[in-house]
Each structure stands twice: as structure tokens, then as C-alpha cells.
1. Out of the residues in region 164-177 meeting the condition of being surrounded by 12 or more Cβ atoms within 10 Å (Cβ to Cβ) and without any contact (Cβ under 8 Å) to a residue 40 or more places away in the chain, tell me which one is nearest to residue 230 (Cα to Cα).
2. Might you let me know whether region 11-24 holds any residue that is closer than 29 Å to residue 277 by Cβ, touching a residue at least 12 places away in the same chain (Cβ under 8 Å) and outside any helix (DSSP H, G or I)?
3. If you go through region 168-194, how many residues are at pLDDT 90 or above, among the charged types (D, E, K, R) and either touching a Gly at 6+ places or on another chain (Cβ under 6 Å) or under 27 Å from residue 234 (Cα atoms) (or both)?
4. So which residues in region 178-214 are farther than 28 Å from residue 229 by Cα, over 38 Å from the mean Cα position of the chain (by Cα) and among the β-branched types (Val, Ile, Thr), if there are any at all?
5. In this structure, is residue 256 on the phi < 0 side of the Ramachandran plot, at pLDDT 85 or above and open to solvent by less than 40 Å² (accessible area, probe 1.4 Å)?
6. Report, by residue number, each residue of region 88-114 that is closer than 18 Å to residue 322 by Cβ and either buried (at least 22 other Cβ atoms within 10 Å of the Cβ) or in contact with a Gly (Cβ under 7 Å, 6 or more places away or on another chain) (or both).
7. Please go through region 125-136 and give me each residue that is within 15 Å of residue 218 (Cα to Cα) and open to solvent by less than 40 Å² (accessible area, probe 1.4 Å), ordered by number.
8. Name the single residue, out of those in region 185-237 being hydrophobic (A, V, I, L, M, F, W, C), open to solvent by 30 Å² or more (accessible area, probe 1.4 Å) and in a loop (DSSP other than H, G, I, E, B), that is farthest from residue 145 (Cα to Cα).
Amino acid sequence: MKTAILAILLFCIMIFPHELGHFIAAKRMGVQVNEFSFGMGPAIWKRQGKETLYSIRLFPIGGYCAMEGEDGEEDDDTTGGAGENRELNPRSFAAKKPWKKIVILTAGSVMNILCAIVILSVVLGINGFTTNRIGEVTAGSPAEQAGMAAGETITAIDGQPVESWNDVINLLPEDGSSAKITVEGKDGTRSLSLQPVLQKVTGADGTETERYVIGITSKISHNPFRAAAYGARSTWNMVKLMFQSIGMLISGQASADDLSGPVGMVQMVNQTETLGYWYYAFLVALICVNLAIINMLPLPALDGGRILFVLFTVITGKKVSARVEGTIHMIGMGLLFALMIYVTFHDITRIFG
């Protein structure tokens, strides 16, 4: 039951902000929104606003922001025209300038990225994060013998600048040779020479490894501004990882068998239950980033594909007919559904096979 609730929450966090981004941008750009829906299938709740019908549908695996003239056609033609030559409703999506269309189409992915940043920033702010400031110095360790003190900040190791705790770990010599460490404290900046010692270290997964250490721990920070900066940096790393994965798919280093659909996502949610909410939040942020990047790919039926048609019109001065564009998007949607069915089938066979 807990897995089901977390899975539904995952889909909600993925989909609702994405569609909300389109909705807000459309309203700001003066586009008429006919319906704003969360979920797919039969409606379980509806409310007619001044202009927009708001609805919640049975299956929380999708949603949509139905804009007037989104596919080049209008549901409410007030001009009395007909066919491609009719005068467009000035509040329709089709009648807006190209830059406004692009803003609206990219807004969903922007919201997904912002969600990832917020999620990671909040979790980092609550749990805390490591810094290059010294928290504790182990008695009898090389750090204590060299005169290091809690509260000092490590700024360089062997002349290499240090900005994070990862830098401290990565820059310490792996062969046990002496290191020149620059620290900054209330008495100013000073350089110390230390000889790391080999010691057993227990990792986050409980495994023990041997590593050269100097006997210090990191000062854990809960600073909200630094948490936001780390959240943004972590999100950017996810974006780069996503592009690397797409590159591997294109080059053949990875295949469709490595993809996961809704069933695979539920399995991943189930796995994060035993690891804690931090891992669940990380998974949600990662999937939000994936959704943002995938939607920007220049493929039919995706936001990126629609942007491609807008750019084609701007560059060539030729407008693709609504019928042709709609047919291309319909074919693209069919291919995406086929891929989803394949991925879902593969998820099921991987779980139960």
C-alpha cells in the first residue's frame, strides 16, 4: 500500500507541475485554455471556471492543457471562416508569435527542472550536506598532530583549490605520500604538512574499504542558500547524465531494454522504501529531469517536436498545414505508445521472469 501511494505521488509530481507550466505560460501569453486536466481517462471531478474547464481524471499517469488552436485548428471559431484561410481567433495558440509559442511549449520542462531543484534543495537543507569545513579532529590522528582544529576550512591541498568535501577526499594522495594542506581559520591562513595513514573506512552501503585518511570529519551544514546552490548543481549533474544516456542510446552503447516504464518506476519506488525517503526524493528529482529532457527532444508528439515545427516556419517562412502537422504528431504518439508498451512488457518480464 505504501509503495502504491508513493508511486502515485511520483506520477503526480512528474505530471502536474509540467502541465501547470504550460497552463501558466499560456495564460500569461494570452492564450485561451479550454481545459486543464490532471490524469487520463474518465473524469472523476470537473469544475467550469470563467474560461477553463478544470478536471481530475481517473488514472494519474498523464494530463493535458488543452489550448485553443494548439494544433492549428480551433474549437470555437468566432470568425465564420472555413478551412485553412479562415481568420484565427487572436487568443488561440496558432495566432501567437513564434517566441510566445516556444515559451509555452518549453514551460512544462522548465517546471520539471525547477521541481527537481526544489526537491533536492529541501532534502539537502533538512538532512544537511558536507562542506570543506572541519567538523571534528580524531585524537592521535595526523590532523591533530599537525595542529588542525575543528572549525577551520580547508582551502587547498598540494596547491589544488578545495571547494567541497569531495575535493578533500579526491585530492588527498592515494599512495599515502605526505600532503600540504592549506587551512583558514580565526587566526588566518596557514599551511600544514601531513602524512595520511591507511585505515578501514565503512561506506554508506556498509561495505568496508581501506583508504588513506588524515583523521577529520566534515562539518555538516543546513544553510538554505547553500542547499539551494547544491540542489541546482545536483540537478545540472542529472541533466548531463541524461544527455550522456541519450548519447549511449544513439550510439548503440545502450538499448531500449535498458529503459524503464511506469512498471519499472513502481519497482524503483519499492526499492527506495528500504533505503529511506532521501533516495525516494532523489528518484523523483531524477525522473522529473528525465521527463523535462525527453519532452524537449525534437520528436513528433513531444514539446520539442512542436517547437521544431515553429522553428521551421520561422526559418523557411512556410507554414505546415494543421492537417499535416496533426498527422505527424498522431503517428509520433502511436510510436511512443508502442515504445511504452514494449518497455512495460520488458519491465514485467524482468520482474517476474
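The values are calculated or read from the model by the stated rules, or taken from the named source; none is laboratory data. All values derive from a computational prediction rather than experimental measurement. Note that each Cβ is placed from the backbone with ideal geometry, even for glycine, and that neighbours are counted across all protein chains shown. To get the accessible areas, we keep the full protein, side chains included, count just its heavy atoms, and leave off ligands, DNA and RNA. Shrake-Rupley method; radii C 1.70, N 1.55, O 1.52, S 1.80 Å.
1. From region 164-177, those surrounded by 12 or more Cβ atoms within 10 Å (Cβ to Cβ) are 164-173, 176; that's our starting set.
Narrowing the set further to residues that are without any contact (Cβ under 8 Å) to a residue 40 or more places away in the chain leaves 164, 166-167, 169-171, 173, 176.
Working: 164: 11, 166: 13, 167: 15, 169: 18, 170: 18, 171: 20, 173: 26, 176: 31 Å.
It comes out as 164.
2. No, every residue in region 11-24 fails to be closer than 29 Å to residue 277 by Cβ, touching a residue at least 12 places away in the same chain (Cβ under 8 Å) and outside any helix (DSSP H, G or I).
3. So the answer is 1.
4. 197
5. Details: on the phi < 0 side of the Ramachandran plot: yes; at pLDDT 85 or above: no; open to solvent by less than 40 Å² (accessible area, probe 1.4 Å): yes.
The answer is no for residue 256.
6. Scanning region 88-114 gives 88, 89, 91, 92, 93, 94, 95, 96, 101, 104, 105.
7. Within region 125-136, the subset within 15 Å of residue 218 (Cα to Cα) is 127-136.
128, 129, 131, 132, 134, 135, listed by residue number.
8. 204
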